[in-house]
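Chemist: Have a look at the structure that comes next, please.
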Amino acid sequence: MLCQASGDLDQAAMNSPENPDPLSMYDTIIIGAGMSGLAAGIRLAYYDQKVCILERHTTIGGLNSFYRMNHRDYDVGLHAVTNFTEKGAKKGPLARILRQLRFKWEDFALAPQKGSRVAFPGVNLRFNNDIELLVAEVAREFPEQRDAFQSLLGQITDYDDLDQAAFEISARQVLQERLRNPLLIDMLLCPLMWYGNPREHDMAWGQFCIMFRSVFLEGFARPYKGVRLILKNLVKRFRELGGELKLRRGVSQILSENGRAIGVQLENGEVLYGKRILSSAGHVETLRLCADTTEPIRPEPGQLSFIESISVLDCQPAKLGYDETIVFYNDSEQFHWCRPEAELCDLRTGVVCSPNNYLYDDAQGELPEGFMRLTSIASFDRWNALNEDEYRREKLRWYDRAIASCVRFVPDFRAHVIDTDMFTPTTIRRFTWHDNGAVYGAPDKKLDGTTHLEGLYLCGTDQGFVGIIGAMMSGISMANMHCLK
C-alpha cells in the first residue's frame with residue numbers, strides 16, 4: 001500500500017511511481033545534511049547517481065555545525081575530530097575517507113592535540129596521539145594492571161566493527177574480567193562514554209572498542225577554522241558532482257509500497273521518489289516517518305543529553321596555565337553515566353576543552369581569541385518543561401554552576417571571560433531531531449543499517465559510528481553496502 005496523506009492523492013496520481021516526473025525521481029534520497037549524509041552523497045555522486053540530500057533546517061551539519069553571534073564564529077558540537085592519523089597514513093578511518101571521497105589531506109587541514117587528561121580524585125591519566133603515553137601512565141598509576149592492559153590493547157585492535165553479536169556484550173563485564181580494578185575501568189570508560197556512548201551506566205563492547213581506537217589509538221585533531229572548513233568542502237564537492245542539496249525541506253513521511261520504500265513526502269506536500277533512501281535522522285525518528293502498516297517494533301530512544309557552554313576569554317588559555325587540549329573529569333568515587341533525576345544537570349562529571357590548545361602550524365598561528373568549552377550531562381525532560389523566562393534564568397544559573405565545578409580541575413578562567421553562549425538539550429533536539437535531545441542517538445545500534453523496509457537504510461549515529469570521522473565513515477560504508485551494489 002502506498003503510504004501518504006489523503007490530501008495529496010491527486011498530486012500522487014499525477015506524479016506516481018509508475019509515471020514519475022523525471023525531476024522528482026532519484027537514485028538515492030538522503031535524509032539529513034549532517035556529516036554522514038553529505039559523505040554518502042559525495043560517494044554516490046562519484047558513481048553518477050542522481051542524489052538529493054534533504055535538510056529540514058536552514059543550515060547544514062546537524063549537531064556538528066557552526067553559527068555567528070556578536071561578530072564571532074562559534075562551532076557547535078566540535079571538541080575534537082577523533083580518529084586522527086598523520087599525513088600520508090594508509091590505514092585508519094581518516095585515510096579511508098580521504099581515499100573514498102577523493103579529498104587531499106590539506107582539504108581538512110587537521111592539527112593534532114597538544115595533550116589531554118582523565119582526572120579523577122587523586123589520580124590522573126595523561127594521553128595524547130601516541131598510545132605509549134597512556135600505556136606509561138597506566139603502568140605508573142596502576143602498576144599491577146600493566147600486563148592486563150597490554151593484553152586488552154590486543155583484544156581491542158582485533159575487534160571486528162561489524163560483528164553485531166560481539167557488539168552488544170557489556171563493556172563493563174569484559175573490562176572486569178580483564179583488568180579487575182574498578183578505578184582504572186571507570187577512568188578508561190569516562191572519555192569513551194563522553195564521546196560516543198548512548199547507554200546509561202554501561203557501554204556496548206563494540207562501541208567501547210570503536211571509541212577506544214578513535215580516542216586513544218588514533219587521537220584528537222582540529223581544523224584551524226573549525227568544523228565549517230570540513231562542511232564547506234563537503235558541500236562544495238557534492239554540488240560540483242551534480243548533487244542536489246535542499247535546505248528547509250523536512251520529510252513528513254516515508255512512502256512505501258509492498259514492503260519497499262519508494263520515496264518521501266515533504267512537509268510542504270511535495271513528493272520525491274527514489275530507488276533507495278538513506279536516513280541519518282536516527283532509528284526511532286526514521287521509523288516514526290514510516291506510515292506503512294507493518295508496525296515494526298520501535299527501538300528505545302536515547303536518554304543522554306548535554307548542556308554546553310562556550311566562554312570567550314581576553315587571553316590565550318595557556319597564559320592562565322591551561323595548555324591541555326581536553327580534560328575529562330569526575331569528582332566522585334565512582335563514575336556515573338546516566339540522565340539526571342533530581343535536577344536539570346549532573347555536575348559530578350564533565351568535559352572541558354580549549355580549541356586553542358592544538359598544534360597549529362606557523363602559518364596559522366594562534367586562534368585570535370581564547371575559548372573554553374564545557375559540557376555537562378543534562379535532562380531533556382526538565383529543560384523542555386521550562387517556560388521561556390525560566391529557561392533563560394536557568395541557563396545563566398547552570399552556566400555559573402558548571403564553570404564552578406570545572407575550575408577544580410583546570411585553572412580558574414572566570415575573571416577573563418568577555419562573552420559566553422550556551423546550548424541545552426532542547427537546542428540539540430531542534431537541530432538533530434533526536435528524541436530527548438539524545439546526542440548519541442538510540443542505545444541499540446543497527447550495524448548493517450537495514451530497516452523493516454527494503455530500500456530504506458540508516459546511516460550516522462544509529463548505524464553505530466559516531467564523531468565527525470565516524471559519521472562520514474558510516475555514510476560511506478552504508479552507501480557502498482546498499483546503494484552501489
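Chemist: For the stretch 34-152, report the convex hull volume of the alpha-carbon atoms normalised per residue, in Å³, without decimals.
Modeler: Each residue corresponds to 189 Å³ of Cα convex hull volume.
Chemist: What area, in nm² and to one decimal, does the C-alpha convex hull of the stretch 300-355 cast on average over all directions?
Modeler: Mean projected area of the Cα convex hull: 5.7 nm².
Chemist: If you fit an axis through the alpha-carbon atoms of helix 146-157 and take the longest principal axis of the Cα set of the chain, what angle between them do you get, 0 to 90°, nearest 10?
Modeler: 10 degrees
Chemist: Can you give the convex hull volume of the alpha carbon atoms of the stretch 190-239 per residue, in Å³?
Modeler: For the stretch 190-239, the hull spanned by Cα atoms encloses 116 Å³ per residue.
Chemist: Here's a follow-up. Among Met193, Met472, rank each residue by its count of other Cβ atoms within 10 Å, from fewest to most, as a rough exposure measure.
Modeler: By the 10 Å Cβ count, ascending: Met193, Met472.
Chemist: For the stretch 314-387, what are the per-bin percents of Cα-Cα distances with bins 10 Å wide, up to the bin holding the maximum?
Modeler: Once binned at 10 Å, the Cα pair distances of the stretch 314-387 give 17, 35, 25, 19, 4.
Chemist: Let me ask something else about it. On the principal axes of its Cα set, how long, how wide and how thick is the stretch 303-439? Give whole Å, largest value first.
Modeler: Largest to smallest, the principal-axis extents are 46, 34, 26 Å.
Chemist: Between rounded, prolate and oblate, where does the stretch 133-174 land on the alpha carbon gyration tensor, with a ≥ b ≥ c its root eigenvalues, rounded for a/c under 1.5, else prolate if a/b exceeds b/c?
Modeler: Since a/c reaches 1.5 and a/b is larger than b/c, the shape of the stretch 133-174 is classed as prolate.
Chemist: Of Leu456, Leu133, how do they rank once you tally other Cβ atoms within 10 Å and put the fewest first?
Modeler: Lowest count first: Leu133, Leu456.
Chemist: What is the Cα centroid distance between the stretch 85-164 and the stretch 266-285, reported in whole angstrom?
Modeler: Value for the Cα centre distance between the two parts: 36 Å.
Chemist: Using the reciprocal of the averaged 1/r over all distinct C-alpha pairs, how large is the Kirkwood radius of the chain in Å?
Modeler: When all Cα pairs of the chain are included, the Kirkwood radius is 23.2 Å.
Chemist: For the stretch 380-391, what does the Karplus curve 6.51 cos²θ - 1.76 cosθ + 1.60, with θ = phi - 60°, yield as ³J(HN,Hα) per residue in whole Hz, taken in order and with x for Gly and Pro?
Modeler: Along the stretch 380-391, the couplings run 4, 4, 6, 5, 5, 7, 6, 7, 4, 5, 4, 4 Hz.
Chemist: Here's a follow-up. In whole Hz and in residue order, list the ³J(HN,Hα) couplings for the stretch 129-138 that follow from phi through the Karplus curve 6.51 cos²θ - 1.76 cosθ + 1.60, θ = phi - 60°; x for Gly and Pro.
Modeler: Values per residue, Gly and Pro as x: 8, 10, 4, 5, 5, 5, 4, 5, 5, 5 Hz.
Chemist: Starting from the stretch 24-90, pick out the trypsin sites (Lys or Arg not before Pro) whose DSSP state is loop and whose Cβ has at most 14 other Cβ atoms within 10 Å.
Modeler: Lys87, Lys90
Chemist: Note the direction-averaged projected area, equal to a quarter of the hull surface, for the Cα convex hull of the stretch 132-218, in nm².
Modeler: Mean projected area of the Cα convex hull: 5.3 nm².
Chemist: Apply the Karplus parameterisation 6.51 cos²θ - 1.76 cosθ + 1.60, with θ equal to phi minus 60°, to every residue of the stretch 167-179 and state each ³J(HN,Hα) to the nearest whole Hz, in sequence, with x for glycine and proline.
Modeler: 4, 7, 4, 5, 5, 4, 5, 4, 5, 5, 6, 8, 9
Chemist: Now a separate question. Given +1 on the Cβ of Lys and Arg, -1 on the Cβ of Asp and Glu, and no further charges, what dipole in debye does the chain carry about its Cα centre, rounded to the nearest 20?
Modeler: 980 debye
Chemist: A further question follows. Calculate, axis by axis, the spread of Cα positions in the stretch 223-321 along the three principal axes, and write the results as whole Å, longest axis first.
Modeler: 64, 39, 21 Å, listed from the longest principal axis down.
Chemist: At a 10 Å Cβ-Cβ cut-off, how would you order Trp383, Trp433, fewest neighbours first?
Modeler: Ranked by crowding around the Cβ, least crowded first: Trp433, Trp383.
Chemist: Amide H of Ala80: which non-local residues (sequence gap of 5 or more, or other chain) have their own amide H closer than 5 Å, using H built in the peptide plane?
Modeler: Amide H neighbours of Ala80: none.
Chemist: Using only the Cα atoms, what convex hull volume per residue in Å³ does the stretch 353-410 have?
Modeler: Hull volume over Cα atoms, normalised by residue count, gives 121 Å³.
Chemist: So what is the relative contact order of the chain, in percent, for Cα pairs below 8 Å that sit 6 or more residues apart?
Modeler: RCO, the chain: 23 percent.
Laboratory data are not the source of any read-out in this text; all were calculated from the coordinates shown. As the structure is a computational prediction, the values presented were derived from the model and not from experiment. A quick note on method: Cβ atoms are made from the backbone with ideal geometry, for glycine too, and the neighbour counts reach across all protein chains shown.
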